[in-house]
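The values are calculated or read from the model by the stated rules, or taken from the named source; none is laboratory data. Source: prediction; values computed, not measured. Here the Cβ positions follow ideal geometry from the backbone for every residue, glycine too, while neighbour counts run over all protein chains shown.
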Amino acid sequence: MAFGPQNVRSFTRTQADQAQLDQGLRSYMLRVYNYMSLGVAFTGAIAMLIAMNPAAVQALSGGAFWILFIGILGLGFFAPKLMMSKSVGVAQLCFWAYAGLWGAVLGPIFFAYLAVDPMLIVRAFFITAATFAGLSLFGYTTKKNLAPMGAFLAMATIGILIAMLVNVFFIQSTGFELILSIIVVLVFSGLTAYETQMIKNMYYEHEGADVITRKAIFGAFMLYGSFITLFIWILNILGMMRE
């Protein structure tokens, strides 16, 4: 089959369009990861500031801790809808408020670990970062549709939350907490891969700048939540293994 000038031009144009699409997708995903990284850094800074202030730790313990936790759950539920339907400013506000609340929750936790072994926090962070990077890369590159797995894991998080509350208020079993910690790490490891694929598939080249920005912030919000959850439970596992 012979290729004429028109076929060559069409083929070249297709290659150029694909290259432009790939470049746009890479830029979009880079914005997602940049937002997420800044959110993690912001959370860590707030947590450390609180952890180094015993008065702040005392103020955020007990009932205040659970109020913050409820706030996180509320934002986790409502923020995605606001991010995808409102302005970029609203999306930014939701993201940074979420990161700030997590920082306030982590403050007393950091305070407890700093008194025992500060290196546990460092080790947990690097283990989390390596785990997250590998799973997110898998989600980005795999051709397999992860949506069925993601739907199952999303439902599993509801069971995890219920199990966590039951253990805190009724069972109070260290062994059960360790098993639950391992399950949480496995579930959110899978969610990291699924969310990365979902965020990648959300990208469309010809959408407006505001839409792309809101999608990037939404993607960062999703991945940030999985990263912080992985970090907390990996830290919990390391702490329990040290005892």
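Remarks
- Sole residue being closer than 17 Å to Leu230 by Cα and surrounded by fewer than 20 Cβ atoms within 10 Å (Cβ to Cβ), chosen from Ala130, Ala99: Ala130
- Scope the range 138-154; condition within 17 Å of the chain's Cα centre (by Cα) and free of Cβ contacts under 8 Å to residues at least 12 places away in the same chain; matching residues: Ala151
So that you can scan it fast, the table gives a plain yes or no per residue for (1) hydroxyl-bearing (Ser, Thr, Tyr); (2) closer than 30 Å to Leu137 by Cβ:
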site: Asp22; (1), (2): no, yes
site: Met29; (1), (2): no, yes
site: Ser37; (1), (2): yes, yes
site: Gly44; (1), (2): no, yes
site: Ile50; (1), (2): no, no
site: Ala55; (1), (2): no, no
site: Leu60; (1), (2): no, no
site: Gly63; (1), (2): no, no
site: Ile67; (1), (2): no, no
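- Residues in the range 73-85 that are under 19 Å from Ala209 (Cα atoms) and either aromatic (Phe, Trp, Tyr) or in contact (Cβ under 8 Å) with a residue 24 or more places away in the chain (or both): Pro80, Met83, Met84.
- Whichever residue in the range 141-153 is in contact with a helix residue (DSSP H, G or I) (Cβ under 8 Å, 6 or more places away or on another chain) and part of a helix (DSSP H, G or I) and, among such residues, is surrounded by the most Cβ atoms within 10 Å (Cβ to Cβ): Leu153
- Only one entry in Asn7, Asn34 is modelled with pLDDT under 60, of a type outside the set (A, V, I, L, M, F, W, C) and assigned to a helix (DSSP H, G or I), namely Asn7.
- Out of Phe231, Phe138, Phe218, Phe227, sole residue that is hydrophobic (A, V, I, L, M, F, W, C), touching a Phe, Trp or Tyr at 6+ places or on another chain (Cβ under 6 Å), at pLDDT 95 or above and in a helix (DSSP H, G or I): Phe227
- Flag if Gly175 is over 17 Å from the mean Cα position of the chain (by Cα) and farther than 23 Å from Ala147 by Cα: yes
- Pairing residues of the range 229-243 that are closer than 17 Å to Thr174 by Cβ and among the acidic types (Asp, Glu) with residues that are part of a helix (DSSP H, G or I) and modelled with pLDDT under 95, at Cβ distances under 9 Å and at least 6 apart in sequence or on separate chains, gives Glu243/Thr174.
- The set of residues from the range 172-228 being closer than 19 Å to Ala124 by Cβ and aliphatic (A, V, I, L, M) comprises Leu178, Ile179, Leu180, Ile182, Ile183, Val184, Val185, Leu186, Val187, Leu191, Leu223, Ile228.
- Considering the range 113-123, the residues that are surrounded by 13 or more Cβ atoms within 10 Å (Cβ to Cβ) and closer than 24 Å to Gln58 by Cα include one that is farthest from the chain's Cα centre (by Cα), namely Asp117.
- Residues located in the range 189-215, provided they are crowded, with 18+ Cβ neighbours inside 10 Å and in a loop (DSSP other than H, G, I, E, B): Tyr203
- Considering residues of the range 60-96 that are outside any helix (DSSP H, G or I) and either surrounded by fewer than 16 Cβ atoms within 10 Å (Cβ to Cβ) or not hydrophobic (A, V, I, L, M, F, W, C) (or both) only, the residue modelled with the lowest pLDDT: Gly62
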